[in-house]
Amino acid sequence: MKRIVLASASPRRREYLSLLGYDYTCMAADVDESGVRAESPAALSMALAALKARAVAKEAGENTIVIGADTIVVLCDAVLGKPKDDADAHRMLKMLSGKAHEVYTGLCVIDTLTGTEVRDYRCTKVHMQEISDEERTAYVASGESRDKAGAYAIQGGASKFITHIEGCYFNVLGLPINALYEILKPMVQE
């Protein structure tokens, strides 16, 4: 069986990948995302996922399947990545307050033996209620907004601000399980 490597240091992605039942290891991708540009949020999320997967594939060895993933939050064509600091997190949450936004997670899966590279993405619309200044301040002070695209974690304390979603919940968590399963299934059976 081929070795599977998740190109991520994210504990959440590790946890969710385990739902598929495959044995895997993790290697963090040390990449500079700042110069990546694309014509759409979907293309950007996949390009960032490919950047991570390719970096790890160089180190992973033959007969390995490398999984890269990247999640971005988009509001009115503005991409909200991870906040630089608490002030930036507060700014992002203020922007999202009372509005619907989209969460894109791009996937890139590389088979190092064949050189096959498969990309896909999922988009989920997230509806957020109005969040008061006090609520934003308390949430940011919890530390949960750090290292999260859009400065929030739907599975954590920010769940109380989400009225509903349209699409895949696991996508908002950062790893669209069904999409990844459909990519991996034929690769691991080869």
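Compute, for E62, the solvent-accessible surface of its heavy atoms (probe 1.4 Å) with the complete set of protein chains present, and express it in square angstrom to the nearest 10.
We get 140 Å² for E62.
What do you get for the angle between helix 41-60 and the principal long axis of the chain? Use alpha-carbon atoms, 0 to 90 degrees, nearest ten.
40
So the label point goes 7 Å from the Cα of Y181 along Cα→C-beta, right? Which residues of region 2-21 then have their backbone N under 13 Å from it?
Within reach of a label on Y181: 17-21.
Compute the long axis of helix 177-189 from its Cα atoms, compare it with the longest principal axis of the Cα atoms of the chain, and write down the angle in degrees, 0 to 90, nearest 10.
10
Number of Lys pairs in the chain with C-alpha atoms less than 19 angstrom apart, excluding same-chain neighbours closer than eight positions?
So the count of such lysine pairs works out to 19.
How big is the C-alpha Rg of the chain next to the rule-of-thumb value 2.2 N^0.38 Å, as a ratio?
Here the Cα radius of gyration is 1.03 times the empirical estimate.
How much length is gained on full extension from K125 to L19, taking 0.36 nm per residue of separation minus their Cα-Cα distance?
Once the chain is fully extended between K125 and L19, it gains 35.8 nm.
Quick check on the chain: helices-only [θ] at 222 nm, where DSSP H runs of length 4 and up contribute -39,500 (n - 2.57) each and the sum goes over total residues. Nearest 500, please.
Taking each H run of at least 4 residues, the total per residue is -10500 deg cm²/dmol.
Starting from the Cα of Y169, step 7 Å along the direction of its Cβ; do the same at D133; then give the gap between the two resulting points in nm.
Inter-label distance under the simple model: 3.5 nm.
Got a number for carbon plus sulfur as a percent of region 79-190's accessible area, 1.4 Å probe?
Heavy-atom surface of region 79-190 belonging to carbon and sulfur, 1.4 Å probe: 50 percent.
Per residue, how many Å² of accessible area does the chain show with a 1.4 Å probe?
48
For the Cα atoms of the chain, what angle does the longest principal axis make with the long axis of helix 86-96, in degrees from 0 to 90, nearest 10?
Helix 86-96 sits roughly 80 degrees off the main axis of the chain.
The values are calculated or read from the model by the stated rules, or taken from the named source; none is laboratory data. No experiment lies behind these values; they were computed from the predicted model shown. When we count neighbours, we look across all protein chains shown, and the Cβ atoms used for this are built from the backbone with ideal geometry, even at glycine. Quick note on the areas: whole protein, heavy atoms, side chains included, nothing else; ligands and nucleic acids left out. Shrake-Rupley method; radii C 1.70, N 1.55, O 1.52, S 1.80 Å.
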